[in-house]
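Trainee: Shown below is the structure under consideration.
The values are calculated or read from the model by the stated rules, or taken from the named source; none is laboratory data. In this text the structure is predicted, and so the values were computed from the model without any measurement. Cβ placement follows ideal geometry from the backbone for every residue including glycine, while neighbour counts extend to all protein chains displayed. Side chains included, ligands, DNA and RNA excluded: accessible areas come from the protein's heavy atoms. Shrake-Rupley method; radii C 1.70, N 1.55, O 1.52, S 1.80 Å.
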Amino acid sequence: MSMVMLNLLLMFVFIYMIIPYVITRIWGFGVTLRGRRGRQIAFTFDDGPDPLHTPKLLDLLKKKGSR
């Protein structure tokens with residue numbers, strides 16, 4: 001591998017991996033600092049709601065007073 005390719009690879013790693021890591025993990029910037037503060041959690045359904053498990057989960061959350 002030539003020196004130019006190695007330098008480009010290292011620059012790519014620095015820009016796309018190191019800088020975002022420092023910004024989000026060490027300095028704490030990101031979506032965790034936006035919106036209301038407090039104890040919150042969000043559920044996402046990447047494959048769509050499951051007809052068996054989703055109603056059970058929603059019933060449990062309702063029973064515990066979650067919205």
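Trainee: As an exercise, find the ratio Rg/Rh for the chain from alpha-carbon atoms, using the Kirkwood inverse-distance average for Rh.
Mentor: Numbers: Rg = 20.7 Å, Rh = 16.3 Å.
That ratio is 1.27, to two decimals.
Trainee: How large is the charge dipole for the chain, taken about the Cα centre, if only the Cβ atoms of Lys, Arg (+1) and Asp, Glu (-1) carry charge, to the nearest 20 debye? Mind dumping the intermediate values first?
Mentor: On the way: 10 positive and 4 negative charges, 134 e Å.
Charge dipole of the chain: 640 debye, to the nearest 20.
Trainee: For the chain, build the charge dipole from Cβ charges (+1 Lys, Arg; -1 Asp, Glu) around the Cα centre, then report which of Met17, Ser2, Phe45 sits farthest towards its positive end.
Mentor: Phe45
Trainee: What does the accessible area per residue of the chain come to in Å², with a 1.4 Å probe and no ligands, DNA or RNA counted? Each step should come with its number before you reach the end.
Mentor: Working: 6940 Å² over 67 residues.
I get 104 Å² per residue for the chain.
Trainee: Counting Lys +1, Arg +1, Asp -1, Glu -1, what net charge surrounds Leu58 among other residues with beta carbon under 15 Å of its beta carbon?
Mentor: Values: positive: Lys56, Lys62, Lys63, Lys64, Arg67; negative: Asp50, Asp59.
In short, +3.
Trainee: Quick check: residue separation of Leu57 and Phe43 times 0.36 nm, minus the Cα distance between them. What number comes out in nm? Numbers along the way, then the final one.
Mentor: On the way: separation 14, 0.36 × 14 = 5.04 nm, distance 1.03 nm.
So the extension gain works out to 4.0 nm.
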